[in-house]
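Chemist: Here it is: the structure, laid out below.
The values are calculated or read from the model by the stated rules, or taken from the named source; none is laboratory data. What you see is a predicted model, and the numbers here were worked out from it, not measured in a lab. Cβ sites come from the backbone with ideal geometry, for glycine too, and all protein chains shown count toward neighbours.
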Amino acid sequence: MRDAICVDPHSTTLLVRVLGGGPPATDAAATGNPVKRVPDDPTATGEDMAAILRQYETAINKQDAVALAALFTDDAQRVPPGEAPIQFGPAAVQAGQQILFDEFTFAVTFDIQDTGVGGNVGWAVGEVQAELTPKAGGDKKSVVFVTLCLMRPATDGGWKIHRQIWNIRHRATVTWAPSNRDRVAEDE
């Protein structure tokens with residue numbers, strides 16, 4: 001048995017079902033990295049996961065790449081949209097974000113839409129409104145994106161982001177089609 005993660009396509013809720021046992025053998029074999037098992041945390045709540053996203057928001061608004069990187073596990077993976085490379089570990093998260101901080105001043109607001117915990121996996125989904133002001137001058141860029149963070153208990157206590165992925169919706173609004181609950185994005 002192993003941890004199974006699936007997304008219900010008919011809701012915004014990420015469903016996590018922890019079945020126990022060791023990780024799938026393919027995880028370590030495919031990456032060459034051993035999978036670290038962490039104990040369940042029966043006291044953790046969705047609010048704990050939301051608190052991590054609020055710390056993330058604060059770090060971005062303070063232009064603090066060090067504080068941002070500290071929110072990630074040692075073996076974290078951060079998957080930016082488009083062709084940007086995957087960032088492996090806190091040092092890569094810090095370096096990748098610092099490049100952006102050197103170019104832009106960020107002002108972000110997180111709308112946390114879903115959080116939860118299942119065993120040793122936590123999650124948070126949020127929509128982010130971002131304004132990026134080029135430091136070299138020029139027009140502000142407004143961007144809307146959705147982020148999904150999977151968290152796990154950290155070896156030093158608390159919880160940290162273990163995986164993050166996000167997509168960009170330039171100036172888009174998201175609505176639900178009432179007849180079939182399919183997500184519809186419309187450009188403004």
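Chemist: Check every one of the strands (runs of 3 or more DSSP E) wholly within the stretch 66-141 and list those with 3 or more residues that are surrounded by 12 or more Cβ atoms within 10 Å (Cβ to Cβ), hydrophobic (A, V, I, L, M, F, W, C) and at pLDDT below 95. So that I can check it myself, show each step before the final result.
Modeler: Values: elements: 72-79, 104-118, 121-134.
Hits in the stretch 66-141: 104-118, 121-134.
Chemist: Can you name every residue in the stretch 71-104 that is touching a residue at least 24 places away in the same chain (Cβ under 8 Å) and under 16 Å from R152 (Cβ atoms)?
Modeler: Matches in the stretch 71-104: L71, F72, T73, D74, D75, A76, Q77, R78, V93.
Chemist: In the stretch 112-145, how many residues are among the aliphatic types (A, V, I, L, M) and within 14 Å of Y56 (Cα to Cα)? Even if it seems obvious, please write down each step before you answer.
Modeler: Taking the stretch 112-145 and keeping what is among the aliphatic types (A, V, I, L, M), we get 112, 117, 121, 124-125, 128, 130, 132, 136, 143-144.
Pick out the ones that are also within 14 Å of Y56 (Cα to Cα) and you get 112, 124-125, 128, 130.
The total comes to 5.
Chemist: Further question on the same structure: Please find, among A154, A107, the residue that is touching a residue at least 40 places away in the same chain (Cβ under 8 Å) and more than 28 Å from T43 (Cβ to Cβ).
Modeler: Values: A154 fails: more than 28 Å from T43 (Cβ to Cβ).
Exactly one residue qualifies, and that residue is A107.
Chemist: Filter the stretch 61-86 for residues that are closer than 15 Å to F101 by Cα and among the polar types (S, T, N, Q) and give the result.
Modeler: Once the filter is applied, which keeps residues that are closer than 15 Å to F101 by Cα and among the polar types (S, T, N, Q), the stretch 61-86 yields N61, Q63.
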